[in-house]
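The values are calculated or read from the model by the stated rules, or taken from the named source; none is laboratory data. Computed from a predicted model, the values in this text were never measured in an experiment. Using ideal geometry, Cβ is built from the backbone for each residue, glycine included, and neighbour counts are taken over all protein chains shown. When the accessible area is computed, the model is the full protein with side chains, heavy atoms only, and any ligands, DNA or RNA have been set aside. Shrake-Rupley method; radii C 1.70, N 1.55, O 1.52, S 1.80 Å.
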Amino acid sequence: MPTRPVVIVPTYNERDNLSALVSALMRIDGLRVVIVDDNSPDGTGDEADRLAAASSGRVSTLRRTGVRGLGRSYIDGMSAALRTGATHVCQMDADFSHDPAELPRLLEAGATADLVIGSRYVPGGQLHNWPAHRVALSTFANWYVRGITRLPVRDCTSGFRCWTRELLARLPLDRIVSEGYAFLVEMVWEARAAGGRIVEVPITFVERREGQSKMSGRVIAESVLLPWRLAVRPSRRP
Ligand SMILES: Nc1nc2c(ncn2[C@@H]2O[C@H](COP(=O)(O)OP(=O)(O)OP(=O)(O)O)[C@@H](O)[C@H]2O)c(=O)[nH]1
Ligand SMILES: [Mg+2]
């Protein structure tokens, strides 16, 4: 069966990154792109629609209204990708922290794993130009999550991933509780609970190109609580 990869790109105020990102993604054979915009005040949604109209069907947009959230955006995008027959569902940030040129390597690894995580913290993984306080926060977050949940993954908070349809379709997407970045950890936990084969491949993560970070106190508080919720959640593994 031929592979039909789709990449989900969640956006909030990423207008200045989007066109270059989509051009780079269009160079990957057969890849479709779903941009999930959360009613960005900077007009990212209109830019996404413009790119979709010029893409001969390879780019589509999902314009969300109502409550904004990274988790909700991913769930909407993933559900749409599964509905339209994706064999592999990838996810990446819009800000060039994740290099589109590294996506084919994740897809290749997806031939033999159910969840491929583009990882900053396995041998060969790198961080470029990230300020020390971000490195510290990310390192602490992964240590904290691993300590509480016992997940055997070095980079639980990476948003550069590739899922097989088989695993993603088995996960209880309607029962995911996280709204912000904690969503990334919760999904790794669910992947493991479902018995998925998880591998990490090294990536080079770079500081965002344009725009501003959306990290907030509320998002961090949710991430502090989530591992404890997971630690007491019954594993749904059959
Ligand atoms: N749809 C949607 N996308 C979001 C939301 N919050 C963040 N994003 C997108 O998710 C991706 C990751 O967010 P970033 O702001 O880059 O988060 P980060 O990588 O932790 O922070 P910086 O790189 O320092 O800015 C980017 O493509 C954002 O535009 C949201 O509430 N809704
Ligand atoms: Mg970023």
Residue list for region 15-39, filter: open to solvent by 10 Å² or more (accessible area, probe 1.4 Å), within 23 Å of G66 (Cα to Cα) and either in contact with an Asp or Glu (Cβ under 8 Å, 6 or more places away or on another chain) or assigned to a helix (DSSP H, G or I) (or both):
R15
Which residues, taken from region 109-124, are within 16 Å of ligand 2 (Cβ to nearest atom) and in a loop (DSSP other than H, G, I, E, B)?
R120
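Tell me the residue from R134, R146 that is basic (K, R), at pLDDT below 95, open to solvent by less than 60 Å² (accessible area, probe 1.4 Å) and assigned to a helix (DSSP H, G or I), please.
R134
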The residue from V22, V34, V9, V89 that alone is away from ligand 2 (no atom under 16 Å from the Cβ), closer than 25 Å to N129 by Cα and in contact with a strand residue (DSSP E or B) (Cβ under 7 Å, 6 or more places away or on another chain) is V22
Residue list for region 81-108, restricted to those being open to solvent by less than 20 Å² (accessible area, probe 1.4 Å) and part of a helix (DSSP H, G or I):
A81, P100, L103, L106
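Return yes or no: is I117 buried (at least 18 other Cβ atoms within 10 Å of the Cβ) and either more than 18 Å from A182 (Cα to Cα) or not polar (S, T, N, Q) (or both)? Walk me through how you get there before you give the answer.
Working: buried (at least 18 other Cβ atoms within 10 Å of the Cβ): yes; either more than 18 Å from A182 (Cα to Cα) or not polar (S, T, N, Q) (or both): yes.
Yes; evaluated as a whole, the condition is true for this residue.
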Neighbours by Cβ (under 7 Å, 6+ apart or cross-chain): first from region 206-219, among the basic types (K, R); second more than 9 Å from ligand 2 (Cβ to nearest atom) and open to solvent by less than 50 Å² (accessible area, probe 1.4 Å)
R209/N17
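Does A132 satisfy being of a type in the set (A, V, I, L, M, F, W, C), under 23 Å from S23 (Cα atoms) and away from ligand 2 (no atom under 16 Å from the Cβ)? Show your work before the answer.
Numbers: of a type in the set (A, V, I, L, M, F, W, C): yes; under 23 Å from S23 (Cα atoms): no; away from ligand 2 (no atom under 16 Å from the Cβ): yes.
Criteria not met by A132.
Residues being among the charged types (D, E, K, R), out of contact with any Gly (no Cβ under 8 Å at 6 or more places or on another chain) and within 25 Å of E179 (Cα to Cα): count how many of those fall in region 11-31.
To start, the set of residues in region 11-31 that are among the charged types (D, E, K, R) comprises 14-16, 27, 29.
Adding the requirement that they be out of contact with any Gly (no Cβ under 8 Å at 6 or more places or on another chain) leaves 27, 29.
Next, from what is left, pick out any that are within 25 Å of E179 (Cα to Cα): none.
The number of residues fulfilling the criteria is 0.
Out of region 156-167, which residues are more than 16 Å from ligand 1 (Cβ to nearest atom) and closer than 22 Å to P227 by Cβ? Walk me through it before giving the result.
Taking region 156-167 first, the residues more than 16 Å from ligand 1 (Cβ to nearest atom) are 162-167.
Selection gives W163, L167.
Test of understanding: among F205, F140, which residue is closer than 24 Å to D95 by Cβ and within 17 Å of the chain's Cα centre (by Cα)?
Only one candidate qualifies: F205.
Could we say that V67 is closer than 27 Å to E166 by Cα and either part of a loop (DSSP other than H, G, I, E, B) or in contact with a helix residue (DSSP H, G or I) (Cβ under 8 Å, 6 or more places away or on another chain) (or both) here? Let's see the steps before the verdict.
Values: closer than 27 Å to E166 by Cα: no; either part of a loop (DSSP other than H, G, I, E, B) or in contact with a helix residue (DSSP H, G or I) (Cβ under 8 Å, 6 or more places away or on another chain) (or both): yes.
Here the answer is no, as V67 does not meet what is asked.
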In region 132-183, how many are under 19 Å from I203 (Cα atoms) and basic (K, R)?
3
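For region 60-80, check the following and say yes or no: at least one residue is more than 15 Å from ligand 1 (Cβ to nearest atom) and touching a strand residue (DSSP E or B) at 6+ places or on another chain (Cβ under 9 Å). Full working, then the answer.
Narrowing region 60-80 to residues more than 15 Å from ligand 1 (Cβ to nearest atom): none.
No, region 60-80 has no match at all.
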